[in-house]
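Heads up, the thing below is written out as structure tokens.
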Amino acid sequence: MKFLDAHHHFWDIDSNYHPWLCDELQIPFRYGNYDALRKNYLPVVYAEDTADIEVVGSVHVEAEWNTDDPVGETRWLADITQACNHPVVFVVQARLDQEDIEDVLSGHSVYPQTRGIRQKPLATEQTASKQRGLPGSMDDPKWRDGYAYLDRFGYSFDLQIPYWNLDQAAELAADFPETTLVINHTGLPSNRNDVGISAWSDAIEKVALQPNVMIKISGLGRINQPWTIESNRGIVLRTLDIFGTDRCMFASNFPVDRLCGDFGTIIQGFREIVKTLPQNQISALFHGNAARIYRFNQ
């Protein structure tokens, strides 16, 4: 099975500073304790994890490198990905509301593997009394001024945010129709009871109305629970129903999703869930769509 991994990370915490991995205090994390991630994850280890899968390409997504030097991660990636046995493109870091955002984007553009930007905008708790119009959110005029530069550089935008904030994403996509917006990790359907699934489904239905919005089916682990086909089948199939097989991509989210399953369990699990689809749709989900959206032939 050919697989273009639409979302993974590398890091070397012996040489580089990733605050969430290097600082003693852990940040709140949807998978709970992540001490197991506090070790280097480099191309040689990724090759071991993917030994049973035919990886034809991959998308490295920024791994929350030191925000004082966002282009430093891209420079480092351009060097270390030469060791990969497949082509790698980059979704890189930029804080869209920073004063020198145009200079940062220009710095990333020096590297031809750069395809897009990821920043996690301000997210609110689901129960927050005020969820719109906050500084640092997708409603923030200053943040949107930075977002407006993406089209000039030909960059897409990867968005990781809880599903209850996707109303902002729908409006952002409508206001910037030339910029491809890619929802990360299936919109984070963390609450799997009937009420939670219904709310998640409603949220991604609304954002899917914008034709420039894509979605990665990934990041479906849950705290202290193993990754299983049974627990994730409904989420996967509902996402495909809403977005269609031409706007979805499967991804590993490795090494983060090592916390809930090995590479084969997750990727072959996705394959089992969609095995009744036509072969052209399966191929699109596992490599064709990611190759198109992240412009592997560019």
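Values for this structure:
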{"item": "Given (1) open to solvent by 30 Å² or more (accessible area, probe 1.4 Å); (2) of a type in the set (A, V, I, L, M, F, W, C); (3) without any contact (Cβ under 8 Å) to a residue 60 or more places away in the chain; (4) under 20 Å from Lys120 (Cβ atoms), index of the condition Ala174 fails", "result": "(4)"}
{"item": "The stretch 289-298, residues that are closer than 14 Å to Ala251 by Cβ and either touching a Pro at 6+ places or on another chain (Cβ under 9 Å) or assigned to a helix (DSSP H, G or I) (or both)", "result": "Asn289, Ala290, Ala291, Ile293"}
{"item": "All positions within the stretch 219-248 that are touching a strand residue (DSSP E or B) at 6+ places or on another chain (Cβ under 9 Å), farther than 16 Å from Ile267 by Cα and of a type in the set (Ser, Thr, Tyr)", "result": "Thr239"}
{"item": "Residue match in the stretch 275-283 (condition: of a type in the set (Val, Ile, Thr), open to solvent by 20 Å² or more (accessible area, probe 1.4 Å) and under 17 Å from Thr186 (Cα atoms))", "result": "no"}
{"item": "Residue identified as among the aromatic types (Phe, Trp, Tyr), closer than 23 Å to Asp49 by Cβ and in contact with a helix residue (DSSP H, G or I) (Cβ under 6 Å, 6 or more places away or on another chain) among Phe296, Phe250, Phe243", "result": "Phe250"}
{"item": "Phe90, sole failed condition from (1) at pLDDT 95 or above; (2) out of contact with any Leu (no Cβ under 7 Å at 6 or more places or on another chain)", "result": "(2)"}
{"item": "Only listed residue being at pLDDT 95 or above, open to solvent by 50 Å² or more (accessible area, probe 1.4 Å) and more than 19 Å from Ala6 (Cβ to Cβ), chosen from Pro121, Pro135, Pro162", "result": "Pro135"}
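The values are calculated or read from the model by the stated rules, or taken from the named source; none is laboratory data. All values reported here derive from a predicted model rather than from experimental measurement. No Cβ is skipped: glycine too gets one built from the backbone with ideal geometry, and neighbour counts run over all protein chains shown. Ligands, DNA and RNA are stripped out before the accessible areas are found, and what is left, the full protein with its side chains, is counted by its heavy atoms. Shrake-Rupley method; radii C 1.70, N 1.55, O 1.52, S 1.80 Å.
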